[in-house]
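Step one of this worksheet: look at the structure below.
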Amino acid sequence: MKIIVCVKQVPARDSVLRVRSDGKWVEESDVNFEINEPDAYALEEALQLRDAAGGEVVVLCAGAERAISSIREALAKGADRGIHITLGGDGAPDPLATARLLASAIQGESPDLILTGLQSDDLGFGQTGVVMAELLGLAHASIIMQVEVASGGLKVKRELEDGWFQYVSLPLPALLTIQSGIKKLRYATLMGIKKAKSKPVQTIDGAAGGATSEARSETALPIRRVYPPQRSKQIQMLTGAPEQVAAQLLEKLRFEARVL
């Protein structure tokens, strides 16, 4: 089984973000980057499926030159080879443009299964995977908590609301968006890090001939302004008898704070 895992490189969760001088993005020079957490779970699921059924795991990442470090990390964890779609310039590729770039690179691979994370930790659109499935004409399912290979297809467990789950059968090839926590993540071993240096990584120029003209068009979502959220504190004093104060508090919690 050939499995392609789409990963994204995002700022590390413990990074201190500063707005760039032009106010249009964060200052990346002092930010550490890592594999998007939901994508790391998609990678882990792919590796376990490969280990159980055999085949190949290919890591696909669209991003700046620094994204090669995340591809190498995935290779160190056990992926077989990587594909890097290089992107440059400011702004963030919107989900449709990103899906077009990824789909263009995937078409020549003819995979049995494509896995992505449910959403990215930085922008959180949660759309790239399902849009890519539509572009490739594949069966797909989202918010996946469990994957089983059964009788030439897949049986997956989807997370719904309020503690409910749904079981769905899918034919192959298919695309799944993986929920965080599906499996325990592995660490890269010293031997894996050494082997990753010799594993092949194909480079595709996302701004030139490596992608179709449709995939290259309008690849950036213009960002007008980036700023930290405003923080404000407000104190309200409730007066009256205890019964009256309790009734006022209940009303504010229910209709203003909306926590009840």
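Just so you know, all these numbers are worked out from the coordinates, no wet-lab data involved. Bear in mind that the values here come from a model prediction, so they are computed numbers and not experimental data. A quick note on method: Cβ atoms are made from the backbone with ideal geometry, for glycine too, and the neighbour counts reach across all protein chains shown.
Annotation: amide H of residue 202 within the under-5 Å range of 82, 83, 84, sequence separation 5 or more or interchain, hydrogens built in the peptide plane.
Remark: 237, 191, 132, 1 ranked as 237, 191, 1, 132, counting other beta-carbon atoms within 10 Å and listing the fewest first. Approximating the spin labels as points 7 Å out from Cα along Cα→Cβ, the residue 190-to-residue 255 distance works out to 6.6 nm. Taking 14 Å as the straight-line reach from the Cα of residue 199, the aspartates and glutamates in range (excluding those fewer than 8 positions away in the same chain) are 56, 73, 80.
Extension gain, residue 109 to residue 25, is 26.8 nm, computed as 0.36 nm per intervening residue step minus the present C-alpha separation. Residues whose amide H comes within less than 5 Å of that of residue 2, counting only those at least five positions distant or on another chain, are 56, 112, 113 (H built at 1.01 Å from N in the peptide plane). Each label point was placed 7 Å from the Cα along the Cα-to-Cβ direction; for residue 203 and residue 172 their separation is 3.3 nm. Our coupling estimate for the stretch 139-147, obtained by passing each phi through the Karplus curve with A = 6.51, B = -1.76, C = 1.60 and θ = phi - 60°, is 5, 8, 8, 10, 6, 8, 10, 7, 10 Hz, Gly and Pro reported as x. Working note: Karplus 6.51/-1.76/1.60 with θ = phi - 60° gives the stretch 242-249 the couplings x, 5, 5, 5, 4, 5, 5, 4 Hz, where Gly and Pro are set to x. For the stretch 157-174, the Karplus equation 6.51 cos²θ - 1.76 cosθ + 1.60, evaluated at θ = phi - 60°, returns couplings of 10, 9, 8, 9, 8, 6, x, 8, 10, 10, 9, 10, 9, 10, x, 9, x, 8 Hz by residue, with Gly and Pro reported as x. If R0 is taken as 35 Å, the Cβ-Cβ distance between residue 162 and residue 225 corresponds to a FRET efficiency of 0.40.
Per DSSP helix of 4 or more residues, -39500 (n - 2.57); summed, then divided by the residues of the chain. What does that give at 222 nm, rounded to the nearest 500? Computed mean residue ellipticity for the chain: -8500 deg cm²/dmol. For the chain, a crude dipole built from +1 on the beta carbon of Lys and Arg and -1 on the beta carbon of Asp and Glu, taken about the Cα centre, is about 460 debye to the nearest 20.
Which whole-number percent gives the relative contact order of the stretch 2-216, counting Cα pairs below 8 Å spaced six or more residues apart?
Working: 447 pairs, mean separation 55.7, N = 215.
Worked out over the stretch 2-216, it gives 26 percent.
In this structure, the amide hydrogen of residue 125, modeled 1.01 Å from its nitrogen in the peptide plane, lies closer than 5 angstrom to those of 120, counting only residues at least 5 positions away or on a different chain.
In nm, what is the difference between 0.36 nm times the number of residues separating residue 236 and residue 151 and their Cα-Cα distance?
On the way: separation 85, 0.36 × 85 = 30.60 nm, distance 6.24 nm.
Additional length available on full extension: 24.4 nm.
Legend: distances between Cα atoms for 155/195; 24/184; 2/183; pairs beyond 28 Å are 155/195; 24/184.
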